[in-house]
Each structure stands twice: as structure tokens, then as C-alpha cells.
Amino acid sequence: MSNISTPIVFVIDHDITVRESLAQLIRTAGWHPETFATASQFLSYPRQAAPSCLILDVALPDLDGLELQERVAAIRRDMPIIFLVDYADIPTTVRAMKRGALDFLTKPFDAELLLRGIRYAINRSQAALGRENELRLLRTGYGSLTHREREVMKLVVSGFLNKQVGGQLGISEITVKAHRGNVMRKMKADSFAELVNMAARLRITNALTMSHAWS
């Protein structure tokens, strides 16, 4: 993954005059344009670690725009799509919007309307990338835990007290406290509530029920 900080606006349109016009508009607004004549050219472009959006035509020479929308949704959830087409029939518009398109505009386009849409899309992308990066850091922290520390974490975030965790795992309460401290440090959690939230985001659950702790 390449790392470009400037937001990127991808454009896929078979018409070179449209691509050039959009590239100039995008560049003037302070973003980085990347234009393509076909879907395959876009799909072969390396992923960038920057906020982005895609301006997409439906009628492409190699792949239908709606099909490409499905592929992008599967591999780039952080990339909103704005359709910009020559003609917008109702069934196509409905299909695109149901699949998550941010907007569906027709040519000739209103520059200000399109710029507002791009700005909103980039903000959405930036937020999605932020969440993705946070989750990546959480997974890294969880990956640094030992097997025992993961067991302790699963139990404590499920509501078990230190004494109950010790009983479940066959270790002393002092040892539980030591493991718990290591978990907090490695996960960079400032509070127990934050650790619980982290576990929820990582979808860490404990198969045991609280009733077992009292047996």
C-alpha cells in the first residue's frame, strides 16, 4: 500500500474530455486526481493509504459500472462512490443507491454540486480509514498478548472478578492482577471501560457464563 496524504479522487470515464475536465476541477480544489478510461486500469492501480472517493460512469468499455461498484464495496469499504452518467434511468439509479452509492449525477455536471459531494465523500473516507487504523492497532496489541493474558482478558471483560478469574483458570488472584496489568499496558487501555470497548470492537467473547463462576 502506497502512502499519499493528499486526498485522491479517482475518475473512471471512457470520455477523455470528461476525464480531463474533472481532473482540472479536482486539482483546483486541492485534491489529487487519478483518471482511468477503463475499470481494469483502475483495479490494477495500487491501493493508497489516503482518503479517497471514486467518480464512476455506468457505461464502461470493459466492465459495467454497477459491477465495479460491487467489487469496490468488497475491497475498499472506505471509498465512497459518486456516479456521473450521461443518462440516469430510474432502475439503474435505484440499484446504485441501494448498493451504497453516495450520489448519482448526470452530465453535464454542476461543478459546485459535484465538489460538495466529493468533499463529503472524502470526509467519510477519512473517518473510515481512521476506524480501520484504530482496529489495526487494537489487533496488533491483542496479538502481543500471551495465551494466558488473552484468557484473563476474555474473562475480565465478561464481568468476572479477579478472584473468579483465578478460580476459572486455576491461578492465584495475585497472578490474575499481574496478567490484567500486562493486558492493560499492552492494549494501551487507560481504563477498564476502555478495555471492554476494545474487546467489543475486536469481537472478543467468553464462552463461559457468569453462572459458572459461582459454581
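Throughout, read-outs are computed from the coordinates displayed, never taken from laboratory work. These numbers come from a predicted model, not from an experiment. Counting neighbours? That spans all protein chains shown, and the Cβs are built from the backbone with ideal geometry, glycine included.
If you take the beta carbon distance between THR38 and ALA127 as r and set R0 to 25 Å, what does 1/(1 + (r/R0)^6) give as a FRET efficiency, to the nearest 0.05?
Details: r = 30 Å, r/R0 = 1.19.
For THR38 and ALA127, the calculated efficiency is 0.25.
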Open item on the list: If you fit an axis through the alpha-carbon atoms of helix 192-202 and take the longest principal axis of the Cα set of the chain, what angle between them do you get, 0 to 90°, nearest 10?
Closed with: 50
TODO: Excluding residues fewer than 8 places away in the same chain, name every one of the lysines whose C-alpha is closer than 27 Å to that of LYS107.
DONE: LYS98
TODO: At 7 Å along the Cα-to-beta-carbon direction for both ASP64 and ARG119, put a label point, then send me their distance in nm to one decimal.
DONE: 3.5
Task: Of every Cα-Cα pair in the chain, the percent that sits beyond 22 Å - done: 59
- [ ] Name the residues whose placed amide hydrogens come within less than 5 Å of the amide hydrogen of VAL11, ignoring near sequence neighbours (fewer than 5 apart) on the same chain.
- [x] GLU34, THR35, PHE36, ILE55
TODO: For region 59-75, just list the computed ³J(HN,Hα) in residue order, Karplus coefficients 6.51, -1.76 and 1.60, θ = phi - 60°, integers in Hz, with x standing in for Gly and Pro.
DONE: 7, 10, x, 10, 8, 4, x, 5, 5, 5, 4, 5, 5, 5, 4, 7, 10
- [ ] Working from Cα positions, state the angle (0 to 90°, nearest 10) between the long axis of helix 16-28 and the longest principal axis of the chain.
- [x] 60
TODO: Enumerate the lysines that LYS188 could reach by cross-link, defined here as Cα to Cα under 27 Å, with residues fewer than 8 away along the same chain left out.
DONE: LYS154, LYS163, LYS177
Task: In Hz, Karplus ³J(HN,Hα) per residue of region 113-125 (6.51, -1.76, 1.60; θ = phi - 60°; x = Gly, Pro) - done: 5, 5, 4, 5, x, 5, 4, 5, 4, 5, 4, 5, 5
TODO: Determine, at each q value in 0.09, 0.12, 0.13, 0.17 (inverse angstroms), the log₁₀ of I(q)/I(0) that the Debye formula gives when each Cα of region 36-151 is one equal point scatterer.
DONE: -0.32, -0.51, -0.57, -0.86
TODO: Would you work out the charge dipole size for the chain about its Cα centre, treating the Cβ of every Lys and Arg as +1 and the Cβ of every Asp and Glu as -1, and quote it to the nearest 20 debye?
DONE: 1420
